[in-house]
Structure formats: C-alpha cells, structure tokens
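*Asks:* Just dropping this structure here.
The values are calculated or read from the model by the stated rules, or taken from the named source; none is laboratory data. A quick note: this is a predicted structure, and the numbers were derived from the prediction, not measured. In this analysis, Cβ positions are derived from the backbone assuming ideal geometry, glycine residues included, and neighbour counts consider all displayed protein chains. Protein only, heavy atoms only, side chains kept; ligands, DNA and RNA dropped before computing areas. Shrake-Rupley method; radii C 1.70, N 1.55, O 1.52, S 1.80 Å.
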Amino acid sequence: MSPALKRTSPAEYLDMDRASDVRYEYFFGEVIAMSGGTGSHSVIASNIGREAGIALKGRPCRVYNSDMRTKTATGVYTYPDASIVCGKSQYEDDREDVLLNPLVIFEVLSPSTELYDRVTKFTHYRSIPSLQAYVLVSQKCAQVECYSRDARGWLMTDVQSLDQIIHIPGAEIDLSLAEIYYEVTFPPVEGLG
C-alpha cells in the first residue's frame with residue numbers, strides 16, 4: 001500500500017511560492033513547478049505584452065506579464081504568459097501578487113503544456129467572472145486562437161497569417177500577428193523538405 005500524497009493548502013502554496021525562486025502553479029492541493037520556456041516562447045510573450053500595452057496606452061488598463069499569478073474562481077493558481085485588466089485590479093490580499101479579475105488571458109502554447117492550456121486551464125479560466133477573452137498563441141507557426149465570451153457562450157476566432165490581425169474582445173484591441181511573431185523563427189514543418 002502506497003502512502004497517501006500530502007495535499008498542500010492554498011495558504012501553504014502561497015507561502016512556498018512567494019519564498020521560492022522557482023514559480024509554481026497550484027491545482028487542488030497539488031503544487032506544479034513551472035518549467036522554463038524556449039527563446040521563441042519568451043519573445044512571443046514579450047511581444048504580446050509590448051503590443052497590448054501600446055494598443056491600450058491612454059486607457060485605464062494595464063498589461064501584466066508572466067510574473068503575475070492569477071487565481072480562478074475554482075481555486076486554481078496559475079501564471080498566464082500575459083493578462084489584461086481594465087479598471088481597478090483586484091487582488092486576493094494586500095500583497096497584490098494574486099490577480100482575481102483579468103479581462104484577457106494569453107497563453108503561449110508549448111508542446112509539453114498545450115493540452116493542459118487548451119483544456120484544463122481553459123476550464124478553470126472560464127470560472128473567472130471578469131474574463132472576456134482567452135488567447136492561445138502557437139510557437140510552431142503563425143496561429144492565434146481567441147476564445148471570447150458572449151451571451152451564447154465561448155466563440156473561437158482563428159487567425160493563421162502574419163499579414164492578419166486578431167481582435168481581442170473585452171479589451172477591444174487589435175493585435176497584428178506580424179508584431180506578435182516579430183523576431184520569431186518557426187521550426188521546420190515535419191515531413192516537408
């Protein structure tokens with residue numbers, strides 16, 4: 001008989017994560033170490049932050065990078081690659097390091113986390129009442145998927161060309177795929193060549 005796994009409480013998780021040089025996500029008692037991203041992942045996330053910040057300049061909105069922890073209404077803690085808040089940011093406590101009201105969340109897809117980002121994270125992100133758009137950005141090719149909330153549920157817009165833009169509902173901004181992927185070299189497509 002194997003020993004029962006010890007579950008970590010949200011308070012224990014926050015104490016550990018705040019004291020650590022490594023970032024961890026929290027999923028119902030499980031603490032998951034975040035692995036480092038590739039160069040392309042980092043450049044894409046930086047480009048998103050820059051372009052969203054420029055598009056939102058002069059409005060009462062701010063763009064957070066992957067240093068800002070987000071808590072879902074289901075109790076999951078994550079580190080999105082970028083997020084947008086318009087209006088006053090709401091935090092879990094006076095430490096102001098756990099965001100509760102993102103309007104838009106961006107995730108740059110990695111081969112090891114793509115399924116988790118598409119299914120598990122999205123399921124929990126949908127529980128955030130303020131969330132209006134969830135944006136998935138490929139690093140394998142020029143492809144951005146934007147899931148937006150309306151009265152009918154969640155609708156998906158898929159853009160797959162560097163000469164196109166993607167509209168981000170809620171924040172009401174348009175982002176150019178050429179700028180999102182600026183200075184990114186895509187890996188060769190398997191089976192071609």
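*Asks:* What's the total number of residues in region 165-187 that are open to solvent by 60 Å² or more (accessible area, probe 1.4 Å) and not polar (S, T, N, Q)?
*Replies:* 9
*Asks:* Which one of the conditions (1) closer than 26 Å to Leu175 by Cα; (2) open to solvent by less than 60 Å² (accessible area, probe 1.4 Å); (3) within 13 Å of the chain's Cα centre (by Cα); (4) among the acidic types (Asp, Glu) does Glu51 fail to meet, given that it meets all the rest?
*Replies:* Here Glu51 clears every test but (3).
*Asks:* Taking the criterion of being touching a strand residue (DSSP E or B) at 6+ places or on another chain (Cβ under 9 Å), under 20 Å from Ile105 (Cβ atoms) and in contact (Cβ under 8 Å) with a residue 60 or more places away in the chain, would at least one residue in region 137-152 satisfy it?
*Replies:* yes
*Asks:* List pairs: first residue in region 164-179 and touching a residue at least 40 places away in the same chain (Cβ under 8 Å), second residue among the charged types (D, E, K, R) anywhere in the structure, Cβ distance under 6 angstrom, at least six positions apart or on different chains.
*Replies:* Pairs found: Leu175/Glu51; Glu179/Glu51.
*Asks:* Go through region 115-131 and count every residue that is surrounded by 16 or more Cβ atoms within 10 Å (Cβ to Cβ) and either without any contact (Cβ under 8 Å) to a residue 24 or more places away in the chain or in contact with a helix residue (DSSP H, G or I) (Cβ under 8 Å, 6 or more places away or on another chain) (or both).
*Replies:* Residues that pass the stated criteria total 4.
*Asks:* Output the residues belonging to region 142-160 that are at pLDDT below 95 and not in a strand (DSSP E or B).
*Replies:* Residues satisfying the conditions are Ala151, Arg152.
*Asks:* Another question, if that's okay. Which one of these does Thr113 not meet: (1) in contact with a strand residue (DSSP E or B) (Cβ under 9 Å, 6 or more places away or on another chain); (2) modelled with pLDDT of 95 or more?
*Replies:* (2)
*Asks:* Additional query: Answer with yes or no whether Val63 is closer than 19 Å to Leu177 by Cβ and open to solvent by 30 Å² or more (accessible area, probe 1.4 Å).
*Replies:* yes
*Asks:* Considering only residues that are in contact with a Ser or Thr (Cβ under 8 Å, 6 or more places away or on another chain) and either among the aliphatic types (A, V, I, L, M) or at pLDDT below 95 (or both), which ones fall in region 122-132?
*Replies:* Matches in region 122-132: Ile128 only.
*Asks:* Return the residue satisfying two criteria in turn: it lies in region 143-164 and is among the aliphatic types (A, V, I, L, M) and more than 18 Å from Ile84 (Cα to Cα), and of such residues it is least open to solvent (accessible area, probe 1.4 Å).
*Replies:* The qualifying residue least open to solvent (accessible area, probe 1.4 Å) is Val159.
*Asks:* Scan region 57-83 for residues that are of a type in the set (S, T, N, Q) and not in a strand (DSSP E or B) and jot them down.
*Replies:* Listed by number, the residues that qualify are Ser66, Thr72, Thr74.
*Asks:* I'd like to check something: does region 8-24 contain any residue that is among the β-branched types (Val, Ile, Thr), closer than 23 Å to Pro169 by Cβ and open to solvent by less than 50 Å² (accessible area, probe 1.4 Å)?
*Replies:* Taking every residue of region 8-24 in turn, none turns out to be among the β-branched types (Val, Ile, Thr), closer than 23 Å to Pro169 by Cβ and open to solvent by less than 50 Å² (accessible area, probe 1.4 Å).
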